[in-house]
Amino acid sequence: MTDNELPGPDDEARVPRRVIGTPAQGTAVLGTRPVETEVETPGVTLPDPADARKAERTVTLLFFVAFLAGIAFIASYVVFQVGSLDKTAVSNAALGGTLTVALLALAAGVVVWVRRIMPKYNLVQERHDMRSDDDTRGYVDETFRAGASESGFVKHKMMRRTLLLAAAPLGLAPLVLLKDLGPLPGTSLRHTVWKKGMKLVVEGTGQPILAADFDSPGGILSVVPEGYEHDLNALAKATLILIKFRPEDLKSGTIKNWTYDGIVAYSKICTHVGCPAALYEQTTHHILCPCHQSTFDATDGAKVIFGPAARPLPQLPIGVDGQGYLIAQADFDVPVGPSFWERGDAEAEAREARGNQS
Amino acid sequence: MNETPKPIAGTASYLDDRLGAGSFLKRNLRKVFPDHWSFLLGEIALYSFIILLLTGTFLTFWFKPSMGHVEYQGVYEPLKGVMMSEAYASTLHISFEVRGGLLIRQMHHWAALLFVAGMMVHALRVFFTGAYRKPRELNWLIGVLLLTLALAEGLTGYSLPDDLLSGAGLRITEGVAISLPIVGTYITFFLFGGEYPGVDVISRFYTLHILLIPGILLALISAHMVLMWVQKHTQMPGPGRTEHNVVGAPFYPAFMAKAGAYFLFTFACIAGLGTFAQINPIWLFGPYTPADISAGSQPDFYMGFLEGALRLMPAWEINFLGHTLPLSVLIPALVPMGIIMTGLALYPFAEQWITGDRREHHLADRPRNAPVRTSIGMAAVTFYGILWLLGANDEISTHFHIGLYETTIIGRFAIFLGPAIAYWITYRICIGLQRRDQDILSHGVESGVIKRLPHGEYIEVHTPPAEDIAEHMRGKKQIQIVPGDDDKDGIPPKGVRGPIGKLRAKASKFYGTDHVPLDGDGHHDGHADEHAAVGAGDKPRELH
């Protein structure tokens, strides 16, 4: 738009010298030439002036509402303090309400402005193929080849190969650096903190459990190892559910000599993806994981009866100490929690080991 | 305005002297943007992203990405004295002790939902109108990448508060990661800095969530915008619109103002949701412990389809040579996501191969006019939708009194049957709509005028459709088909030889055959009277 204002060599003399403090003539992007807005341009339909004046009143009102709501927002920040549930709720409603109204009024104002004051546009612009023309492509191709030859990259074979060679280890370096993100798994996934003699305590209260007190059939407790009540890493594998049965309810899947007086301990960590299998239906003796609804039969070695889990919840051998408190007899003999590549058929191995012992 | 105000003119000259911005502005100030409501869907995602950056920055001023144990001493009474991570404690602090903290936190969460939802509907619009076709395949790929990254950004984000609900999500993430063959345990140990949950994952997710992923998102979104700008937006067929032009409103001032208003609307909407619609009330969930969970735990909506897939899967697990392949985790975690994302990424190229169409396309297809594409899209939407619904099967079971296991079993069938049924229904609807278009173009629309013919028959007068609607309908393009017929010597043309070539020819015919060609006026026989009945005096009624 400024092209035609550029002074040609001929009219140099007629162009006045630039006055200090004003932009140089002809260099302004937004020039000083008057823009005729009221002229009919094809594709631009100007609004009816009367309607535009009416719309202006609406827009003004909306912008003024936005201004007031903005003020109210700042006022709310000062007036309404936080610090309790109720106060926070009031502050939240005041700040959020005023912000919403301010933004909404502003947005509505601009929309009315665009729709009723700005012209209706139906402008047409040509598209061009994205592809460059053949001359350009040819030129780039030639330049590329010339540059490649000039650089000597093509001719000097050894240099090219050693450059690639040099890049390879450097490319690997970032991966190597990530090694210390964590230790290697080793056999840690196969063990939990449970060991012979460790007391079972109630999750939350930390109370040890007298076997004689846990005597109502159908009762259930969430249990953690004593001394690890706040160790999340330990809890992620060692948490148990403890269920009391009438001895005649127990089926062959449950290892009877790992129970004590009808009390059975299963890992609470679901064998699917590790959520705590926390729901227990007393009438059916079903343990249900709320995440993906794997369902285990608690009377029958917690075998899977529905859902995506593929393995039963491992059973922990329990007994009582001298004072009658429930204790672990050993660690789990299979890895608890979700399956992993190195796990293998740990259940079969464990069965075999148990068979050899007896 | 007769004269540009001095400050603006001065600044402009200053910048142009140094940057040469004038020639850019000369080309672009009046850049034309076509108008259609569906072109605004992507903007929702764009503006949500800006709001995410703003609100997210605010949250980082107080959030402490640490899993160190502290005893809560804040103002929220029910949790006083409870041991929790610093991350959770600082999130409570933001919620209750920072003025506007709860508002901004809730806005951040709502904006995240709107960001992903905006991307999804935008992707559907682009898909169903074929706007991913040449030359826009690269921008489509950027979009698919953006959607994938947005899911990762969401996952790392909602894990940060370290409450009981987000911990359940993290636990499932771990369970999925550890199930990967060969590398699973290593990836898990590297991610969590050892055994789950460890003490590192929150601070690592924090870095990913506030630096790495948003950085990539920002770069890709910029690239997405630049490509859109350079290639110019597609437009819907209509009067005066061709493959070689753009018809619409200029960037300055109309489009700029509209976009600004739309940003404000999105902002207002998110502010309203953040104020009046409670989201993720972490104080009700309590701090995370791997020993507990609450029933009805649900992830954010965009993760629901993965959750549904996990719930749907039967308990398949393979043990061989001392190794375990937990298919009941691997298949649902990888296959649906793989089908959807890979399918999206490859679709433009698959379509190009099937149709042999290498032309540039700037006029958007109406979904009905590409029935096979639309049906494939709806089948995919159904596949996703069923998985998504089943992610809440416990809620469905509770609220609609259907047995929990029944929902799963129904889902196991529905996931295969649903997409097939959706394909068929969509296909029939597309063909039906095409017939209707064809009918309107050749017979016109009902005018409401009843006329008695000389021999006594009564007919309703039909008038031609309004010009812009007719143009919109006539914008239908033939889908290209690779020539598959043998020549006179019985030799098939190049590109369709061999078994793969034959398959291609078949697929092409299936994909591109137009069952309802628009034959304009050539369909009149037998109905001539109706059309002749439109007298010179009858003003054609506009159809809206």
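Angle between the Cα long axis of helix B:41-60 and the longest principal axis of chain B, 0 to 90 degrees, nearest 10?
Long axis of B:41-60 versus the principal axis of chain B: about 20 degrees.
Check cross-link reach from B:LYS502 to the aspartates and glutamates: straight Cα distance under 13 Å, and skip same-chain residues fewer than eight apart.
Output for B:LYS502: B:ASP485, B:ASP486.
Which is the longest stretch in chain A that no exposed loop site breaks, taking sites as GluC sites (Glu not before Pro) with a DSSP loop state and at most 11 other Cβ atoms within 10 Å? It would help to have the intermediate numbers written out before the result.
Details: sites that count: A:GLU36, A:GLU38, A:GLU40.
Between exposed loop sites, the widest span is A:41-358.
Would you kindly calculate the translational diffusion coefficient of region A:218-284, applying Stokes-Einstein with the Kirkwood radius from alpha carbon pairs, for 37 °C and a viscosity of 0.692 mPa s, and quote it in µm² s⁻¹ without decimals?
Working: Rh = 13.0 Å.
Using the Kirkwood radius from Cα pairs, D works out to 253 µm²/s.
Give the distance, in whole Å, between the Cα centre of region B:1-22 and the Cα centre of region B:167-202.
What the calculation gives is 56 Å, centre to centre.
Identify all lysines with a Cα-Cα distance to B:LYS477 below 17 Å; exclude those on the same chain that are fewer than 8 residues away in sequence.
B:LYS134, B:LYS509
In this model, which of A:LYS120/B:LYS26; A:LYS237/B:LYS64; A:LYS54/A:LYS120; A:LYS237/B:LYS80 are farther than 23 Å apart at the alpha-carbon? Don't jump to the answer; show the numbers that get you there.
Values: A:LYS120/B:LYS26 21 Å; A:LYS237/B:LYS64 27 Å; A:LYS54/A:LYS120 17 Å; A:LYS237/B:LYS80 27 Å.
Result: A:LYS237/B:LYS64; A:LYS237/B:LYS80 exceed 23 Å.
I'd like the distance between the alpha-carbon centres of region B:94-123 and region B:269-295, rounded to an integer number of Å.
Between the Cα centres of region B:94-123 and region B:269-295 lies a distance of 12 Å.
Using a probe radius of 1.4 Å on protein heavy atoms only, what is the accessible area buried between chains B and A, both sides summed, to the nearest 100 Å²? All intermediate terms of the calculation are to be shown ahead of the outcome.
On the way: alone 29390 and 24860 Å², together 45580 Å².
In total, chains B and A hide about 8700 Å² from solvent.
Specify whether the C-alpha gyration tensor of region A:125-173 places it in the rounded, prolate or oblate class, a ≥ b ≥ c being the square roots of the eigenvalues: rounded for a/c under 1.5, otherwise prolate if a/b is larger than b/c and oblate if not.
Working: a/c = 6.89, a/b = 1.93, b/c = 3.58.
Oblate, since a/c reaches 1.5 and b/c is not below a/b.
In whole angstrom, how long is each semi-axis of the equivalent ellipsoid of region B:1-74, when you take the square root of 5 times every eigenvalue of its Cα gyration tensor and sort them from largest down?
On the way: eigenvalues 390, 101, 28 Å².
For region B:1-74, the semi-axes come out at 44, 23, 12 Å.
Note the angle between two axes, namely the Cα long axis of helix B:256-276 and the longest principal axis of the Cα atoms of chain B, as a number of degrees from 0 to 90, rounded to the nearest 10.
So the inclination is approximately 40 degrees.
For B:241-248, what's the mean count of beta carbons from other chains sitting within 10 Å of each residue's beta carbon? Working shown, then result.
Values: counts 1, 3, 1, 4, 5, 5, 6, 6.
The mean count of partner-chain Cβ atoms within 10 Å per residue comes to 4.
Once the convex hull of the alpha carbons of the protein assembly as shown is built, what does its volume come to per residue, in cubic angstrom? Mind dumping the intermediate values first?
Details: hull volume 270.3 nm³, N = 902.
Dividing the Cα hull volume of the protein assembly as shown by its residues yields 300 Å³.
Would you mind computing, in nm to one decimal, how far apart the modelled labels at B:THR342 and A:THR143 are, each placed 7 Å from Cα along Cα→Cβ?
4.1 nm
Helix B:371-390 versus the longest principal axis of chain B: what angle, 0 to 90°, nearest 10, using Cα atoms?
Here the helix axis deviates by roughly 30 degrees.
Amide H of A:ILE305: which non-local residues (sequence gap of 5 or more, or other chain) have their own amide H closer than 5 Å, using H built in the peptide plane?
A:THR295, A:PHE296, A:ASP297
How much mean residue ellipticity at 222 nm does the protein assembly as shown get from its helices, if each DSSP H run of length 4 or more adds -39500 (n - 2.57) and you divide by all residues, to the nearest 500 deg cm²/dmol? Please report the intermediate quantities before stating the final value.
Working: 26 runs with 430 residues, N = 902.
Value at 222 nm, helices only, nearest 500: -16000 deg cm²/dmol.
Can you pull out the cysteines in the protein assembly as shown that have no other Cys Cβ under 4.7 Å?
B:CYS269, B:CYS430
Return the inverse of the average 1/r over all pairs of distinct C-alpha atoms in region A:46-145, which is the Kirkwood hydrodynamic radius, in Å to one decimal. Can you show the working numbers first?
On the way: mean 1/r = 0.0552 Å⁻¹.
Its Kirkwood hydrodynamic radius stands at 18.1 Å.
So how many Å³ per residue does the convex hull of the Cα atoms of region B:96-172 work out to?
Numbers: hull volume 8.1 nm³, N = 77.
In region B:96-172, the Cα convex hull volume per residue is 105 Å³.
Quick check on chain B: what does the Kirkwood estimate of hydrodynamic radius come out to from the alpha carbon pairs, in Å? Provide the component values of the computation, followed by the final result.
Numbers: mean 1/r = 0.0361 Å⁻¹.
That comes to 27.7 Å for chain B.
Which aspartates and glutamates have a Cα lying under 17 Å from the Cα of A:LYS195, excluding residues fewer than 8 positions away in the same chain?
Cross-link targets: A:GLU226, A:GLU229, A:ASP231, A:ASP321, A:ASP331, A:ASP333.
Among A:LEU99, A:LEU165, A:LEU178, which one shows the biggest mean-square fluctuation in a GNM of chain A, springs joining Cα atoms closer than 10 Å?
A:LEU99
Which FRET efficiency value, to the nearest 0.05, do you get for B:ASP485 and B:LEU334 by plugging their Cβ-Cβ distance into 1/(1 + (r/R0)^6) with R0 = 60 Å?
Numbers: r = 42 Å, r/R0 = 0.69.
Result of the calculation: an efficiency of 0.90.
The values are calculated or read from the model by the stated rules, or taken from the named source; none is laboratory data. Since the model is a prediction, treat every value here as computed from it, not as a measurement. As a convention, Cβ positions derive from the backbone with ideal geometry for all residues, glycine included, and neighbour counts pool all protein chains shown. What goes into the accessible areas is simple: the full protein's heavy atoms, side chains included, and nothing from ligands, DNA or RNA. Shrake-Rupley method; radii C 1.70, N 1.55, O 1.52, S 1.80 Å.
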